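This report concerns only the one structure given below.
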Ligand code: HDE
């Protein structure tokens, strides 16, 4: 067995031992998994004698058509690819479990929300939306957050995003939205980017997209890690209890590690340096036993309070501010096992908002209603037929049976004469299903309206919540939003689209619009012009709040530095005695330290000890790390100052507002780079100029480590001034 196979077998063994229900899916998947073979056979089981040579008419002659072994192998290869998802093509996934904190029976009869001792297996797939399957992870985009709960009552899919609102209000506009954001059809550019004319042409003509655009231009759209983002069900759903009483419900996933973003410059560089950045981060965290966790939160509104919010809870461009309806945390999600096979699991998993269980129902949100059609339809095209529910990753862990039959790739072998209902021939007695009281019951909402192809007037406020979002951001977050709008709009070739967009933004915030417009070579934002355009709606709703602190990413998380990546920059002459206690403290706090040096192998410390180097300046840039430590050692610091890549490393980390700690001789490196290395050191820069000898003692090092850890825990020091002047 290879080491990977051994590790996977170990994981499976421990997973299958659990007795709390969390293992139900894993046990089922076991029946489908295979290990690497020791002999090769054809698909019919015939042993293959030679896997290198085809059957020929003489050693130099043509290949014979008779060679069924070659034909089988090549034919299978020719058909290895399936269509990628129309949206959300690029994704990464993991297994885990969900556990409710206390019974939710007062609100919902959903079985998996009743018993705190029960763990429901889940498979969670994160994704970007616009890019192709092989596109980069760190592009500016919405992230999909799709959770499949394998419950005892059937699969429940909560197919959400990391942004709580959407661009459009009605499913009718979805194909237009996606055609606008995808690469332009004549030349298929740009890949995985919204910074192009067709997207902003559409967005600027659809003012209902303004609220979501504010989110998409914020750092939410460039997450530091999939483990550090929120998830949202977006639409309003319904909880229904065993008495048939309904509450409207909004779903939230709150990450334990907080909500953190990358710097935009960093995100773009990572896209080239490690296109799999988020996928790798998720995989490695799970392999290291740092299992990502979220809490499930719900906002509930009783059925009879449907119209109490001032805005329409059916409108998917609106959120319910947490200050108006608090989020109740009702359970936790833990991801603890990587998939065994990317294609079989992550690629073939098929989500659908219509996969619900008794106790969870839909609202009339017209976007959600359209989705209820789309997802089964797309799986049939993507997975090649109507039996995709029989694929191992999609199969429910509870029994399922009906009289649907046949179709491509049918797995189930249904016994007997009968494939219809009602019948008397099947079970021996009369079998008939109609009007039953069991199973899924749709909430009997009373509806008696005329048929109309129109939108409700209650959807007609496009700006109030966009403004609320902007007002709720920290100063740094506001600057990032302005910079993102500027970046995106500056990429457009048609100035009229830029102008139209800033005219719309003037209805969110005058100053925001003016700041965005400044470097774009266009006129002043013109709110009146926007108001005169087709599709403009500003029937303002009054909100009881002007700001919602919950909409900001600032100061979120548990304050730990677990899984954070720290680069330790070394060259010959580094002071190993002062390095060790700081490194130990970082690792004890859960951070991962990597030594980056001029070459692989070792460097020699000042006291002639050999220090292992994990990575080189040439193969690993600063954007792979959260923080940088330049240890003591005058000779080492002088050597680093002479290595262009090392200098760039520090400057770039500084520009990206990361925590930097320099000790003893390392401090000189900062001064050389023009960064204040005295008592005026910028936020997040820890300067310990203490003589090297003192640093060997535990107290000095503990203090430095303590300050450094506190700086890393803040994630980034976005208020660092003058970073635009930093040449990196
Ligand atoms: Fe989706 N969406 N969507 N969507 N969506 C798909 O289904 C669609 C929408 C979301 O990891 C597709 O299996 C329509 C909102 C996620 O496999 C497709 C409309 C939200 C994923 C589809 C929407 C989402 C998808 C493509 C408007 C957030 C990835 C492949 C009416 C609440 C799931 C597939 C995964 C995937 C259609 C709007 C989330 C084509 C028609 C709003 C996370 O069926």
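Once you keep just the Cα pairs under 8 angstrom separated by 6 or more residues, what percentage relative contact order results for the range 167-209? All intermediate terms of the calculation are to be shown ahead of the outcome.
Working: 36 pairs, mean separation 17.3, N = 43.
With pairs under 8 Å counted, the relative contact order is 40 percent.
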Practice item. Could you please rank 481, 380, placing first whichever residue has the fewest other Cβ atoms within 10 Å of its Cβ? Key: 380, 481
Revision key, fill the gap. Simple spin-label estimate for residue 490/residue 372, 7 Å along Cα→Cβ, in nm, reads 4.6 nm
Practice item. Work out the FRET efficiency for residue 703 and residue 678 from their Cβ-Cβ distance, taking R0 = 22 Å, and round it to the nearest 0.05. Key: 0.80
Check your understanding: What does the helix-only formula give at 222 nm for the chain: each DSSP H stretch with n ≥ 4 adding -39500 (n - 2.57), the total divided by the residues, and the result rounded to the nearest 500 deg cm²/dmol?
Key -> -8500 deg cm²/dmol
Check your understanding: In nanometres, what is the gap between the two model label sites at residue 446 and residue 56, each 7 Å from Cα along Cα-to-Cβ?
Key -> 8.3 nm
Exercise for review: Report the relative contact order of the range 488-617, percent, no decimals, based on alpha-carbon pairs under 8 angstrom and at least 6 residues apart.
Suggested key: 16 percent
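Within the P(r) computed for the chain, what percentage of the Cα pairs occupies the region above 34 Å?
When every Cα pair of the chain is considered, 55 percent fall beyond 34 Å.
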**Study point:** Relative frequency of Cα-Cα separations exceeding 18 Å in the range 499-604, percent
**Key:** 71 percent
**Study point:** Where labels lie 7 Å past Cα in the beta-carbon direction, separation of residue 242 and residue 619 in nm
**Key:** 6.0 nm
Revision key, fill the gap. Taking a label point 7 Å from the Cα of residue 588 along Cα-to-Cβ, the residues of the range 698-719 whose backbone nitrogen sits under 19 Å from it are 698-713
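Grab the beta carbon distance between residue 726 and residue 195, set R0 = 30 Å, and tell me the FRET efficiency rounded to 0.05. Before the final figure, lay out each step's value.
Numbers: r = 23 Å, r/R0 = 0.78.
Calculated transfer efficiency: 0.80.
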Exercise for review: Evaluate E = 1/(1 + (r/R0)^6) for residue 434 and residue 176, where r is the Cβ-Cβ distance and R0 equals 35 Å; express this FRET efficiency to the nearest 0.05.
Suggested key: 0.30
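Once fully extended, how much extra length lies between residue 39 and residue 86, figured as 0.36 nm per residue of separation less the alpha-carbon to alpha-carbon distance? Could the numbers behind the result be given before it?
Details: separation 47, 0.36 × 47 = 16.92 nm, distance 3.85 nm.
Stretched fully, the residue 39-residue 86 segment lengthens by 13.1 nm.
Fully extended, how many nm does the chain gain between residue 307 and residue 454 (0.36 nm per residue separation, minus their Cα-Cα distance)?
Details: separation 147, 0.36 × 147 = 52.92 nm, distance 1.96 nm.
Net length gain for the segment: 51.0 nm.
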Point to revise | Contour minus Cα-Cα distance for residue 380 and residue 76 (0.36 nm per residue) | key: 107.4 nm
Practice item. Sort 194, 605 so that the residue with the fewest other Cβ atoms within 10 Å of its own Cβ comes first and the one with the most comes last. Key: 605, 194
Point to revise | Relative contact order (percent, whole number), the chain, Cα cutoff 8 Å, 6+ residue spacing | key: 11 percent
Exercise for review: Would you please state which residues of the range 535-574 a label at residue 602 would reach in this model, taking the label point 7 Å out along Cα→Cβ and a backbone N cut-off of under 19 Å?
Suggested key: 568-574
Exercise for review: May I ask for the distance between the Cα centers of the range 529-565 and the range 138-158, given as a whole number of Å?
Suggested key: 23 Å
Exercise for review: Just check the range 585-728 against the gyration tensor rule for me: Cα atoms, a ≥ b ≥ c as the square roots of the eigenvalues, rounded for a/c under 1.5, and otherwise prolate or oblate depending on whether a/b exceeds b/c.
Suggested key: rounded
Point to revise | Rg to Rh quotient for the range 611-675, alpha carbon positions, Kirkwood Rh | key: 0.92
Study note, to complete from the structure: Cβ density ranking, 10 Å radius, fewest first, applied to 685, 628 yields 685, 628
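We did not get these values from a lab; they are worked out from the coordinates using the rules stated. On a predicted model such as this, the values are computed, not experimentally measured, just so you know. Because the Cβ atoms are built from the backbone with ideal geometry, glycine has one as well, and the counts that use them run over all protein chains shown.
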